[in-house]
Amino acid sequence: MRYAKKRKKFLLKLLVLLSLFFLAEAGRSASSTLAGFFPHNKFFHSESFHLIFVVSLFAFLYRPIDHFIFSIFRRVLSRCGADYSRDIEFLYEESKAQMPLKELGNLVVNTLAEALGSAVVTLLVLDRKSNAYAAMSSCGLKPSDMSKLRFTDEHLIVRLAKQENEPLVRDELIMHFSWQEANVVVSEFQNLRAAMIVPVSVHGQLIALCAMGLRAGAKAYTAEDKRLFQEFSSKMGRVLGQALAMHELESMNLELRDKQATLLQSSKLSAIEQLASGFAHQIHNPLTIISGKAQVLLLRKEKMGISEEVARELQTIVKETRRAADITHKLAAFSRPRKPVREPLDFSQIVEDALSLISYQASLDSIQVIRHIQKDLPPFIGTVPEFRELFLNLLLNAVDAMSGGGTLMIKIRHLPATSEIEIKVSDSGKGIPAEHIPMLFDPFFSTRHDRAGLGLFIVQKIVYHYGGTIKAESQENQGTVFVIRLPVLKSSAHPSQGSSDSPASPQDRGRSASKEVHQYA
C-alpha cells in the first residue's frame with residue numbers, strides 16, 4: 001500500500017511539473033509578444049524582463065493550477081471503482097504480518113479512511129467477557145467519544161449484522177423497516193457517524209464491526225462497494241480473528257501472572273506467620289525477664305550498695321529492653337492473621353509503626369528520617385494492616401537504596417482541589433534507571449537477586465483497592481520519590497475494599513514478616 005500511495009503522489013507531482021513547464025513556455029511566448037509592442041525599448045527585449053514576467057505568472061497561477069489538477073486527479077480516481085479496491089487488497093496483504101490487535105486496528109481504520117476519503121472510520125471489536133462490541137480504533141473520533149461506544153445484542157445493528165452477515169448500508173436499511181425501527185437504525189448509525197457498517201466474522205462468529213462514514217464528496221455506497229467490502233470482510237476475518245485470539249491470550253497471561261504472584265506469597269504465608277510469631281514470642285520472654293531483673297536491682301540498690309553509675313546502666317537496660325519488647329510486639333502484630341477491620345486511619349501512628357521496624361537498619365546506614373504529616377487530615381477509612389504493609393514496603397525500598405546514608409522523607413497532606421490524600425515517600429539514594437521505571441510495579445521484577453520483586457506490586461494493589469493512583473519519579477544518583485494519591489470519598493464508598501480475601505494484604509504481609517525476621521534475627 002505504501003508503494004501505491006507513492007505512485008499516486010509521484011503521478012500528481014509529475015502532472016503539476018508538466019503544467020508548470022507549459023506555463024513557463026506560454027509565459028515566455030506572451031512576454032515576447034508583449035515586447036513586440038515596444039521595439040525600441042531594450043528592457044522589454046532583455047532576459048530579465050522575460051524572467052520577471054514568467055515568475056510573476058507563476059506566482060499568480062501556480063496555486064489555482066495545482067488545485068485544479070488535484071481536483072481532476074482525485075475526481076478521475078474516484079470514478080475508478082477499482083482504485084480503493086487495490087488499497088483494500090494492499091491492506092489485506094500488509095495485515096497478514098503478525099501484529100498486535102491495536103496496531104492492526106489502527107492500520108485498518110487509517111487505510112480505509114484515506115482510501116475512501118471518509119471523515120470517520122471506526123473498528124469495534126468483540127469483548128468476550130462482556131459480550132459487547134467496543135470501539136478499539138478510530139480515525140475521526142475523539143477517545144472520549146470512542147469510550148462511549150459499546151454495542152450488545154440489544155442493539156439493532158448488532159442483530160442485523162449477525163443475521164445478514166453482509167455490509168449494512170444505512171439508506172437501504174431504513175427503506176425496509178417501519179418508521180419506529182428506521183429511527184432506531186438512524187440513531188445507531190449516527191452514534192457511529194457511519195453510512196455503512198461491515199460485519200467481520202470468523203467461523204460463524206461476529207468478532208468485529210467496521211463503521212465507515214460517507215466517501216469523499218458525500219457519495220453513497222453502491223452495490224459494487226458492498227461486494228468489495230464483503231470480500232474484505234471474508235479476508236480480514238481470519239486476520240482479525242488471529243489477532244483477537246493473541247490479544248485474549250496475552251490478557252489471560254497477565255491475569256495468570258497476577259494470580260501466580262498471589263498464590264506464591266499465600267503458599268508461604270502460614271509458615272512465615274508461624275516463624276515470625278514464634279520468633280517474637282521467644283525473644284519477648286527473655287527481654288521481659290531481663291527488664292524485670294534490672295528493675296528489681298534498681299529497687300534494691302540502696303540495700304545492695306549499688307553505685308549511681310551502675311544504677312544508670314541498669315536504667316539504660318530497662319529502657320532498651322522495653323524498646324526491644326515493643327519492637328517484637330509490633331512484629332507479632334504484623335504477622336498475626338486477623339480479619340481486617342475498616343476504621344478511620346491515624347497516618348501518623350501507622351508511619352511510626354512502620355518506622356520502628358526499619359529504624360535499626362536506618363541508624364546503621366546513617367539515614368536521616370524526616371516526617372511532614374498534616375495534622376488536620378480529613379477522615380480516611382481503611383484497614384490498618386494494609387497501610388502498615390504499604391508504608392513498610394516503601395520504607396524498606398528507600399533504605400535499600402541508601403546503603404551509604406542519606407535522607408528519607410515522608411510527606412502526607414490533603415489536596416482540597418481533588419479531595420485526595422497525597423502520600424510522598426522520597427529518598428536521596430542511587431535512583432532508578434529510566435528503562436526500569438515502567439517495570440517497577442510488575443510482579444517479580446527486581447534489580448536485586450535477593451529480593452522476590454513483589455513489594456511494589458503489592459503496594460500498587462493496595463492503592464488500586466482504594467481507588468487511588470501511584471507513580472514513581474526518579475533520576476540516577478539523585479534519588480526516588482513515590483507519589484500516592486487516595487480519594488477521600490472513595491475510602492468510605494466501597495466497604496468491600498480491604499476485605500480479607502484481598503490479594504494485596506496477605507501477599508505483602510508475608511513479605512513484611514520475612515523482611516522483619518531477617519533484620520531482627
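Need the failing condition index for residue 408 against (1) assigned to a helix (DSSP H, G or I); (2) under 18 Å from residue 430 (Cβ atoms), just the number.
Condition (1) is where residue 408 drops out.
Yes or no: residue 116 within 16 Å of residue 214 (Cα to Cα), hydrophobic (A, V, I, L, M, F, W, C), buried (at least 21 other Cβ atoms within 10 Å of the Cβ) and modelled with pLDDT of 80 or more? Spell out the reasoning first.
Numbers: within 16 Å of residue 214 (Cα to Cα): yes; hydrophobic (A, V, I, L, M, F, W, C): yes; buried (at least 21 other Cβ atoms within 10 Å of the Cβ): yes; modelled with pLDDT of 80 or more: yes.
For residue 116, the condition - within 16 Å of residue 214 (Cα to Cα), hydrophobic (A, V, I, L, M, F, W, C), buried (at least 21 other Cβ atoms within 10 Å of the Cβ) and modelled with pLDDT of 80 or more - is met.
Restrict the check to region 386-400 and report whether at least one residue is among the basic types (Lys, Arg) and in contact with a strand residue (DSSP E or B) (Cβ under 7 Å, 6 or more places away or on another chain).
No, region 386-400 has no match at all.
List the number of the failed condition for residue 102; all other conditions in (1) farther than 30 Å from residue 143 by Cα; (2) of a type in the set (Lys, Arg); (3) modelled with pLDDT of 75 or more hold.
Looking at each condition in turn, residue 102 falls short on (1).
Being over 29 Å from residue 252 (Cβ atoms), within 48 Å of the chain's Cα centre (by Cα) and at pLDDT below 75 is true for just one of 50, 67. Which residue is that? Give the steps one after another, and end with the answer.
Working: 50 fails: within 48 Å of the chain's Cα centre (by Cα).
Exactly one residue qualifies, and that residue is 67.
Conditions (1) surrounded by fewer than 18 Cβ atoms within 10 Å (Cβ to Cβ); (2) modelled with pLDDT under 90; (3) in contact with a strand residue (DSSP E or B) (Cβ under 6 Å, 6 or more places away or on another chain), marked per residue:
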| position | (1), (2), (3) |
| --- | --- |
| 413 | yes, no, yes |
| 461 | no, yes, no |
| 464 | yes, yes, no |
| 484 | no, no, yes |
| 501 | yes, yes, no |
| 512 | no, yes, no |
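Closer than 20 Å to residue 121 by Cβ and among the hydrophobic types (A, V, I, L, M, F, W, C): which single residue out of 202, 184, 169 fits that description?
Working: 202 fails: closer than 20 Å to residue 121 by Cβ; 184 fails: closer than 20 Å to residue 121 by Cβ.
Just one listed residue meets the conditions, 169.
Step by step: first the residues of region 173-226, then only those that are buried (at least 17 other Cβ atoms within 10 Å of the Cβ) and hydroxyl-bearing (Ser, Thr, Tyr), then the one that is modelled with the lowest pLDDT. Which residue is that?
221
Looking at this structure, is residue 421 buried (at least 23 other Cβ atoms within 10 Å of the Cβ) and either under 18 Å from residue 468 (Cα atoms) or aliphatic (A, V, I, L, M) (or both)? Talk me through it step by step, then tell me what you get.
Details: buried (at least 23 other Cβ atoms within 10 Å of the Cβ): yes; either under 18 Å from residue 468 (Cα atoms) or aliphatic (A, V, I, L, M) (or both): yes.
It is true that residue 421 is buried (at least 23 other Cβ atoms within 10 Å of the Cβ) and either under 18 Å from residue 468 (Cα atoms) or aliphatic (A, V, I, L, M) (or both).
Restricting region 287-340 to residues that are charged (D, E, K, R), outside any helix (DSSP H, G or I) and closer than 30 Å to residue 389 by Cβ, which is modelled with the lowest pLDDT? So that I can check it myself, show each step before the final result.
Keep residues of region 287-340 that are charged (D, E, K, R), which gives 293, 300-303, 308-309, 312-313, 319-320, 322-323, 326, 330, 336, 338-339.
From the residues that got through so far, the ones that are outside any helix (DSSP H, G or I) too are 300, 336, 338-339.
Now drop any that are not closer than 30 Å to residue 389 by Cβ, which leaves 336, 338-339.
Numbers: 336: 56, 338: 53, 339: 61.
Residue satisfying both the conditions and the ranking: 338.
Only residues that are farther than 29 Å from residue 419 by Cβ and in contact with a Phe, Trp or Tyr (Cβ under 9 Å, 6 or more places away or on another chain): list them for region 359-402, please.
Listed by number, the list holds a single entry, 360.
Based on this model, can you work out whether residue 16 counts as over 27 Å from residue 240 (Cβ atoms) and either more than 56 Å from the chain's Cα centre (by Cα) or modelled with pLDDT of 75 or more (or both)?
Numbers: over 27 Å from residue 240 (Cβ atoms): yes; either more than 56 Å from the chain's Cα centre (by Cα) or modelled with pLDDT of 75 or more (or both): no.
Taking the combined requirement at face value, the residue does not satisfy it.
In this structure, does residue 145 turn out to be part of a helix (DSSP H, G or I), closer than 21 Å to residue 221 by Cα and assigned by TED's automatic domain parsing to the domain that holds residue 210? Before you say what the answer is, go through the steps one by one.
Values: part of a helix (DSSP H, G or I): yes; closer than 21 Å to residue 221 by Cα: no; assigned by TED's automatic domain parsing to the domain that holds residue 210: yes.
In short, no.
Taking the stated definitions as given, is residue 406 at positive phi, buried (at least 16 other Cβ atoms within 10 Å of the Cβ) and either modelled with pLDDT of 85 or more or not acidic (Asp, Glu) (or both)?
Here the answer is yes, as residue 406 does meet what is asked.
Quick test of your reading of the structure: residue 108 fulfils all but one of (1) surrounded by fewer than 18 Cβ atoms within 10 Å (Cβ to Cβ); (2) at pLDDT 75 or above; (3) aliphatic (A, V, I, L, M). Name the failing condition by number.
Evaluating residue 108 over (1) surrounded by fewer than 18 Cβ atoms within 10 Å (Cβ to Cβ); (2) at pLDDT 75 or above; (3) aliphatic (A, V, I, L, M) leaves (1) as the failure.
The values are calculated or read from the model by the stated rules, or taken from the named source; none is laboratory data. All figures in this text were calculated on a predicted structure; none of them were measured in a lab. Please note: Cβ atoms are built from the backbone with ideal geometry, for glycine as well, and neighbour counts cover all protein chains shown.
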